[in-house]
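Novice: Questions regarding the structure given below will be posed in turn.
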Amino acid sequence: MKTLTTLLLCGLLFSAPANAGVLEDKNCGSCHRLKVEDTETIFTGPDLHYAGNKFQPEWLKQFLINPEVIRPAGFVTDPGFLPKTDLPPHASSSEEDANALAKELMGLKISTSTPVTSEPLTKGLRAKIKYQFERTFGCISCHQSLNLAGKVRGGISGPSLVNAGNRLQADWVSDWLKAPETYTAKRRMPNYKMEPATLDQFTRFLMTLKKENIK
Amino acid sequence: MIINYKLLLTGIVYLAILVTACGQNEQATPAVKPPTQQKAGEVIPQMPQLKPIQVTEDTRQTYQWYCSQCHGVKGKGDGINAKFLTVPPRNHTKAEYLETRTDEQLFEAIKFGGLSVGRAPCMPAWGQTLAEDTIHSLVRYIRELCDCEAF
C-alpha cells in the first residue's frame with residue numbers, strides 16, 4: 001500500500017511538467033520563439049511558433065535525434081551579418097523525447113496554408129527553374145542547393161535548401177515565396193513577386209532537393 | 001537612335017561568359033572582370049531627374065541589414081556569401097571602378113539586379129523590397145564609401 005502511494009505521488013509529480021508541455025520542460029523556449037504573442041524577445045535560434053506549418057514531421061523527429069547544420073553561418077541575429085564562429089552543435093534528444101517534441105511542435109500553427117501540389121517537375125522544367133534559381137532570381141547567391149550533377153553549391157547567408165524536399169512542407173514553401181511577412185516581419189531575403197505558374201514551379205523545384213541526391 | 005556596336009559586342013560576349021551563373025563549383029568560369037571603359041551616359045537613355053537624397057542612419061542600417069550579406073559590413077566586397085559566388089560582390093570602396101558607373105547605373109543595378117546593367121545575376125534585384133527613395137540613398141551611400149562621383 002505504501003509503495004502504491006509513493007508511486008501515485010511520483011506519477012503526480014512527474015506529470016506536472018508534462019502538462020506544461022515537453023517543449024517548455026526541455027527549455028527549448030530559451031532560444032526559440034514558441035508563442036505567437038512573443039514579439040519582443042530577440043531569440044538566438046529560428047522561430048518555431050509555426051513549426052506545424054513549416055516542417056515535415058519525420059524530418060523534425062530525425063533532426064531532434066540527430067541534428068544537422070541548416071545555417072552554415074549560424075543563426076545570425078546581429079545587424080551587420082557577421083558569421084558566428086565556434087558554433088556549438090544543436091542538442092540532441094532521445095527517440096522518446098524527439099517523438100514527444102515533434103508532436104508538440106507539429107501542433108504549433110499560425111496559418112492555414114493553401115494546399116499546393118508538390119508533384120516532381122519534368123526534367124525540362126527542372127532545368128528551366130534551376131536556371132532561374134541561379135540567374136533570374138539569384139537565389140543561389142544566398143542558399144546552398146544541389147546542381148544537376150548533385151553537388152552542393154551556393155551562398156550561406158540563407159538556410160541551406162539542399163534538403164528542402166525532406167524538411168519543408170510544400171504548402172509552406174509556396175506561402176513563404178508568396179507572402180513571407182505572414183511568418184517573419186523583418187527578413188533579409190528580397191521579396192519576389194512571382195507569377196502564379198512560376199511560384200508553383202519554384203515550389204516543386206525546391207521539393208526535389210533532397211540530401212540523398214548529393215553525389 | 002545610334003547604336004554603339006563595340007559596346008553591344010562587349011555586352012554580348014560578357015553575357016555569354018556569364019552563363020554559368022553564381023554558385024561556385026568546379027567547372028565554373030573564373031571570375032570575370034567586367035569592362036570598365038564604358039563612358040557614362042552612353043547606354044542608359046533618359047532618366048527622371050534625381051531628387052537630392054540624404055544618407056541617413058536608416059540608409060546605413062539598410063545597407064548593413066541586406067547588402068552586407070555579400071558586400072561586407074564595410075562594403076569591401078567580403079560578406080559571408082562572397083567566397084561562394086562565381087563573380088565576386090563589387091567592392092564599394094573602390095573609386096577607380098565606381099567612377100566609371102553613373103548613379104543611374106548603380107540605381108538600376110540595385111533595383112533590377114545585376115543582369116539589368118550587364119552585370120552578374122549574383123547581384124539580386126531589390127526593387128520589390130526597398131522603396132525607390134531608399135535605393136537612391138543607397139547610391140549616395142555607395143558614393144560615400146568610395147569617396148567618389150561618376151566622371
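Nothing in this text is a laboratory measurement; each read-out follows from the coordinates by a stated rule. Everything numeric here is computed off the predicted structure, so don't read it as measured data. Cβ coordinates were reconstructed from backbone atoms using ideal geometry, including for glycine residues, and neighbour counts include every protein chain displayed.
Novice: Among all helices in chain A defined by DSSP H, which have a length of 15 Å or more along the axis from Cα atoms plus a Kyte-Doolittle mean of at least -0.5? Could you put the intermediate results ahead of the total?
Specialist: On the way: long enough: A:2-20 (28 Å, 1.12); A:95-106 (16 Å, -0.54); A:196-207 (17 Å, 0.20).
The answer, listed by residue number, is A:2-20, A:196-207.
Novice: Next question. Could you sort the peptides A:125-136, A:110-121 by per-residue average Cβ neighbour count (10 Å cutoff), highest mean leading? Walk me through the intermediate numbers first.
Specialist: On the way: A:125-136: 18.4, A:110-121: 13.9.
Final packing ranking: A:125-136, A:110-121.
Novice: Per-residue Cβ counts within 10 Å, from other chains only, averaged over B:108-118: what number is that? Before the final figure, lay out each step's value.
Specialist: On the way: counts 0, 0, 0, 0, 0, 5, 3, 3, 0, 0, 0.
Across the residues of B:108-118, the mean count of other-chain Cβ atoms within 10 Å is 1.
Novice: Quick one: length gained pulling A:CYS31 to A:GLN62 fully straight, 0.36 nm per residue minus the C-alpha distance? Don't skip to the answer; put the middle values down first.
Specialist: Details: separation 31, 0.36 × 31 = 11.16 nm, distance 1.95 nm.
Length gained, A:CYS31 through A:GLN62: 9.2 nm.
Novice: Okay, next question. How many nm is it between the label spots at B:GLU149 and B:GLU132, if each spot is 7 Å from the Cα in line with the beta carbon?
Specialist: If labels sit at B:GLU149 and B:GLU132, their model points lie 2.3 nm apart.
Novice: On to the next question. Can you bin every Cα-Cα distance in region A:123-213 into 5 Å intervals starting at zero and give me the percent of pairs per bin, rounded to whole numbers?
Specialist: 3, 14, 25, 30, 20, 6, 1, 0
Novice: Ratio of alpha-carbon Rg to the 2.2 N^0.38 Å globular estimate for region A:12-171, to two decimals, please.
Specialist: On the way: Rg = 17.8 Å, N = 160, 2.2 N^0.38 = 15.1 Å.
Compared with the compact-globule rule of thumb, region A:12-171 sits at 1.17.
Novice: Right, here's the next one. Go through A:LYS151/A:LYS211; A:LYS54/A:LYS109; A:LYS178/A:LYS211; B:LYS74/B:LYS94; A:LYS109/A:LYS210 and tell me which ones have a Cα-Cα distance over 18 Å in this structure. If you can, show how the numbers build up before the last one.
Specialist: Details: A:LYS151/A:LYS211 10 Å; A:LYS54/A:LYS109 9 Å; A:LYS178/A:LYS211 25 Å; B:LYS74/B:LYS94 12 Å; A:LYS109/A:LYS210 24 Å.
Distance filter (> 18 Å) returns A:LYS178/A:LYS211; A:LYS109/A:LYS210.
Novice: Using only atoms on other chains, find how many Cβ atoms lie within 10 Å of each Cβ of peptide A:138-148 and report the average.
Specialist: Numbers: counts 14, 3, 10, 18, 9, 3, 2, 1, 1, 4, 0.
Partner Cβ neighbours, averaged per residue: 6.
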